[in-house]
Structures are given as C-alpha cells and as structure tokens.
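The values are calculated or read from the model by the stated rules, or taken from the named source; none is laboratory data. Since the structure is predicted, the reported quantities are computational estimates derived from the model, not experimental observations. Here the Cβ is made from the backbone with ideal geometry for all residues, glycine too, and neighbour counts use every protein chain on show. Just the protein is used for accessible areas: all its heavy atoms, side chains included, with ligands, DNA and RNA removed. Shrake-Rupley method; radii C 1.70, N 1.55, O 1.52, S 1.80 Å.
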Amino acid sequence: GVRFITGSIDTTARIWSMNSISQEMCLVGHKDSVLDADMSSNLALLVTASTDKTVRVWNSRTGKEQWIGKHGAYVYACTF
C-alpha cells in the first residue's frame with residue numbers, strides 16, 4: 001500500500017498508511033524536533049533530520065535505528 005512519513009516537534013517521525021488512513025509506526029530516538037524525513041526508493045530505509053543535530057537512518061520494517069550521523073548544527077533537510 002501507499003505509505004508516507006512525517007516529522008514532528010514532538011521528537012518523533014511517524015509512518016502512515018494511505019490505504020487504512022492510520023499510523024503504522026512511530027520512530028523514537030531524536031532528542032529534539034524532526035524537521036525532515038524521507039523514504040528510500042525501495043522503501044527499506046527511512047532517514048530523518050532533526051534540531052538535535054543528528055541525521056538518523058531507520059529500518060522501515062522494524063522501526064529500529066540503523067545509523068546516526070552527528071552534525072555541528074541543526075539538520076534541516078535529508079533525502080535519499
């Protein structure tokens with residue numbers, strides 16, 4: 001089905017289903033607002049950018065964090 005990802009000031013990113021109009025998963029790990037998020041073209045990975053100065057890569061099936069990249073300032077955007 002069709003899915004999309006959102007970021008929030010509540011420090012989470014969420015995966016949503018357009019088919020069932022419901023939340024499928026909540027990604028928890030950032031310490032501050034999530035400003036941007038994207039899905040890989042094969043839908044296997046997710047990436048999030050945050051004002052906690054990190055970029056995080058997640059497994060879209062399990063919701064587990066796969067990698068953290070640290071920046072010296074807020075991260076405003078990310079993409080695959």
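Which of Thr48, Thr62, Thr12 moves the most in a Gaussian network model of the chain with Cα springs under 10 Å?
Thr62
Can you tell me how much longer the chain between Asp38 and Ala77 gets when fully stretched, taken as 0.36 nm per residue apart minus their C-alpha distance, in nm with one decimal?
Value of the extension gain: 13.1 nm.
Under a 1.4 Å probe, what is the accessible area of the chain per residue, stated in Å²?
In whole numbers, the chain has 60 Å² accessible per residue.
Can you check what the net charge comes to around Thr11, using other residues whose Cβ is under 9 Å from the Cβ of Thr11 (Lys, Arg +1; Asp, Glu -1)?
So the environment of Thr11 carries a net charge of -2.
Rg and Dmax in Å for the chain, alpha carbons only: what are they?
11.7, 39
Considering only protein heavy atoms and a 1.4 Å probe, what is the carbon-and-sulfur percentage of the accessible area of the chain?
Roughly 54 percent of what the probe reaches on the chain is carbon or sulfur.
Charges only on Cβ, +1 for Lys and Arg, -1 for Asp and Glu: so what's the dipole of the chain about the Cα centre, in debye to the nearest 20?
Dipole about the Cα centre, nearest 20: 180 debye.
Could you please report the charge total around Trp58, scoring K, R as +1 and D, E as -1 over all other residues with beta-carbon less than 12 angstrom from its beta-carbon?
Net of charged neighbours comes to +2.
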